[in-house]
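Take a look at the structure below.
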Amino acid sequence: MKTPHACDLLPSGDVAPCIIVIFGGSGDLTRRKLIPALYYLYQQKKMPDKFAVVCCGRTTYTNEQFRQQLLLSYENGDLNLSNWDEFAANLYYHSLTYTAEAFLNLKDYLYKLDSHHSTEANRIYDLAVPPNLYPIIAELLGKSHMATEQVQGNGWSRIIIEKPFGHDLESARQLNEVLHDYFTEEQIFRIDHYLAKETVQNVLIFRFANTIFEPVWNSHYIDYIGIIASEELGVGNRAGYYDTAGVLRDMFQNHMMQLLVLTAMESPYRFEANAIQDEKAKVIHSLRNFCIDSGSKIHLGQYGPGEINGFMVPGYREEKNIPAGSTTPTFALMELYIDNWRWRNVPFYLVSGKRMAKKETRIVIQFKKTPHQLFRSPFGESTANKLIIETYPQESIKLSFQTKNPGHNLCLRSMYMDFVYQEHYHNISSNAYARVLLDCIGGDHTLFWRQDGIELSWSFLTPILQQCENRQKIMPPLQFYPAGSLGPTSSEKIIQTLFTD
Ligand SMILES: NC(=O)c1ccc[n+]([C@@H]2O[C@H](COP(=O)([O-])OP(=O)(O)OC[C@H]3O[C@@H](n4cnc5c(N)ncnc54)[C@H](OP(=O)(O)O)[C@@H]3O)[C@@H](O)[C@H]2O)c1
């Protein structure tokens with residue numbers, strides 16, 4: 001039996017009683033991610049002792065109908081539903097339209113629930129709705145005085161914003177302005193659920209809680225860094241959103257940028273949200289200006305029909321609700337540089353694509369070869385060390401090193417030292433939403449984007465989007481790749497290297 005680690009016995013922070021209000025409560029994100037995450041926290045006894053979850057939407061349901069349809073949708077899934085009824089007794093559905101009157105009704109409704117659940121007027125508002133509703137809901141909450149802290153007694157309120165946070169720099173700034181009209185930065189939680197993966201958090205622990213890696217974590221020893229997040233899935237039922245966004249907005253502005261800054265940032269002076277965000281911001285500030293005309297490299301692709309896991313799948317342009325001549329990229333590879341002492345001239349390859357050969361998310365640190373090739377042999381030079389931090393298919397860290405193959409001949413062989421999370425920790429949650437929701441309940445901003453980080457990320461990406469979306473002069477050319485492949489032919493070599501252990 002596993003002996004509990006001292007950490008398992010620690011309380012999970014300030015989990016004050018609260019009501020979690022989910023706008024878009026009838027939607028896909030609520031059903032697939034948010035409710036399972038809250039239920040998981042409940043089963044792990046991490047939820048506050050007193051809580052309620054109120055799902056809101058224009059669709060009408062009674063509480064009972066809503067609970068039943070959720071239960072039905074989970075019955076054949078992998079949730080352990082043993083105490084669902086107990087959890088569901090705290091779950092409500094409230095029909096509303098997005099009007100001032102409806103929000104005043106909601107406010108009264110929440111006060112009534114406070115009396116029933118002793119939730120002390122603490123609120124978390126999760127905006128699981130299409131992004132055009134984010135400013136509307138923020139304003140409605142503000143104008144009905146539901147955003148202000150100390151609404152009643154000692155109550156606090158927080159707001160969670162799902163991605164996408166804006167469409168470009170201008171829209172991200174506008175959204176920040178509306179939010180700040182009614183909420184302080186401390187009240188705003190901009191989610192990037194990638195940051196809640198154990199291995200992603202482990203990048204900082206790995207780098208800053210060990211002595212042996214940081215001295216070689218720089219341009220003297222590192223040849224290049226690759227960050228890849230490939231998917232087998234296509235656009236699915238997100239066609240409307242995806243075709244206006246494309247891979248650069250959907251993956252690069254947020255997840256890929258977060259993985260990049262965690263890998264490249266300096267040590268914060270303290271492990272605390274603002275200190276970490278400050279260091280992240282510095283990395284984005286240091287990104288070399290990206291100008292395609294002057295030779296900066298980006299490859300864009302779109303999947304065509306092909307075969308994945310033995311099944312033929314349609315191309316992007318044949319997907320439901322995608323225009324036949326769409327030029328939206330579903331794949332991108334960018335070569336970025338960070339102009340500071342540590343990273344001068346080290347290429348960072350960022351790759352993400354849909355309908356690729358496999359689903360994989362990893363950061364690859366490729367070290368340089370030894371300065372002198374002592375073991376040059378007929379079998380080739382010795383291979384350089386490689387460190388792979390993987391979040392999918394398994395959460396793991398692997399370091400390759402050279403060994404001598406047994407026998408008379410002096411042959412080298414690459415071997416791995418590896419640490420696989422699942423082999424050491426059973427029952428770790430694969431639901432990153434559970435972690436971010438818990439942090440929001442506890443008021444911890446470490447895993448969320450701060451305003452300047454979001455705006456900096458957009459200010460780097462927006463000119464690139466403008467260069468790529470200039471319809472008069474589409475550059476770089478969109479390349480088509482068969483579903484189930486390694487992406488466009490021009491990128492295959494790098495991707496093959498990043499996929500190889
Ligand atoms: N689904 C995911 O896996 C995922 C992942 C990351 C981020 N997100 C983001 O999270 C948000 C929610 O995603 P989702 O997939 O759950 O969206 P969704 O299912 O399309 O919409 C959620 C709910 O919003 C309401 N809604 C839709 N269109 C509306 C409109 N024009 N006016 C008012 N209400 C409207 C609907 O509820 P009623 O009709 O009942 O009002 C719907 O059930 C989006 O911003 C999405 O980009 C989603």
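What percent does the relative contact order of the chain come to when contacts are Cα pairs within less than 8 Å and at least six residues apart?
Normalised by residue count, the contact order of the chain is 17 percent.
Under a point spin-label approximation (7 Å from Cα along Cα-to-Cβ), what is the ASN274-SER118 distance to one decimal in nm?
About 3.4 nm, to one decimal.
Lys and Arg at +1, Asp and Glu at -1: add these up for the other residues within a Cβ distance under 15 Å of LEU486 and post the number.
+1
What is the dipole size for the chain, taken about its Cα centre, with +1 at each Lys and Arg Cβ and -1 at each Asp and Glu Cβ, in debye to the nearest 20?
Approximately 1260 debye in magnitude.
Sort the range 128-249 into rounded, prolate or oblate with this rule: let a ≥ b ≥ c be the square roots of the eigenvalues of the Cα gyration tensor; rounded if a/c is under 1.5, and if a/c is not under 1.5, prolate when a/b is larger than b/c, oblate otherwise.
Note, shape of the range 128-249 comes out oblate.
Can you give the longest stretch of the chain with no exposed loop site, where a site means chymotrypsin sites (Phe, Trp or Tyr not before Pro) in a DSSP loop (not H, G, I, E or B) with at most 13 other C-beta atoms within 10 Å?
Segment 1-268 is the longest.
At a 10 Å Cβ-Cβ cut-off, how would you order CYS55, CYS440, CYS18, CYS291, fewest neighbours first? If you can, show how the numbers build up before the last one.
Numbers: CYS55 29, CYS440 21, CYS18 26, CYS291 11.
Fewest-to-most Cβ neighbours within 10 Å comes out as CYS291, CYS440, CYS18, CYS55.
Can you pull the one-decimal nm distance between simple spin-label points at ALA100 and ARG413, each 7 Å off the Cα toward Cβ?
7.6
At 7 Å along the Cα-to-beta-carbon direction for both ARG32 and ASN132, put a label point, then send me their distance in nm to one decimal.
Reported label-point gap for ARG32 and ASN132 is 2.2 nm.
Run lengths n ≥ 4 of DSSP H only: what is the helix-derived mean residue ellipticity at 222 nm for the chain, with -39500 (n - 2.57) per run over all residues, to the nearest 500?
Values: 14 runs with 151 residues, N = 501.
For the chain, the value works out to -9000 deg cm²/dmol.
Extension gain GLN402-GLN422, at 0.36 nm per residue separation less the Cα-Cα distance, in nm?
Full extension of this stretch gives 4.6 nm more.
In the chain, if the dipole is taken from +1 on Lys/Arg beta carbons and -1 on Asp/Glu beta carbons about the Cα centre, which of LEU104, ILE441, THR383 is farthest to the positive end?
Going by the charge dipole, the pick is THR383.
Please compute the length gained on full extension between SER490 and THR370, using 0.36 nm multiplied by the number of residues separating them and subtracting their Cα-Cα distance.
40.3 nm
Rounded if a/c is under 1.5, else prolate if a/b beats b/c, else oblate: with a ≥ b ≥ c from the C-alpha gyration tensor eigenvalues square-rooted, which is the range 6-162?
Oblate is the answer for the range 6-162, as a/c is 1.5 or above yet b/c matches or exceeds a/b.
Taking R0 as 51 Å, what FRET efficiency do you get between ARG58 and ALA209 from their Cβ-Cβ distance, rounded to the nearest 0.05? The partial results should precede the final answer.
Details: r = 48 Å, r/R0 = 0.94.
Plugging the Cβ-Cβ distance into 1/(1 + (r/R0)^6) gives 0.60.
Output the relative contact order of the range 108-264, whole-number percent, from Cα pairs under 8 angstrom with separation of 6+ residues.
Worked out over the range 108-264, it gives 19 percent.
Taking Cα pairs under 8 Å and at least six residues apart, what relative contact order does the range 22-142 come out at, in percent?
Taking the mean separation of contacting Cα pairs over the length of the range 22-142, I get 36 percent.
Rank the residues LYS386, LYS369 as a footprinting-exposure proxy: fewest other Cβ atoms within 10 Å of their Cβ go first.
Details: LYS386 20, LYS369 13.
By the 10 Å Cβ count, ascending, the order reads LYS369, LYS386.
Values in this text are rule-based calculations from the coordinates and carry no lab data. The model shown is predicted, which means the values in this text are computed figures rather than measured ones. So basically every Cβ, Gly included, is an ideal-geometry build from the backbone, and we count neighbours across all protein chains shown.
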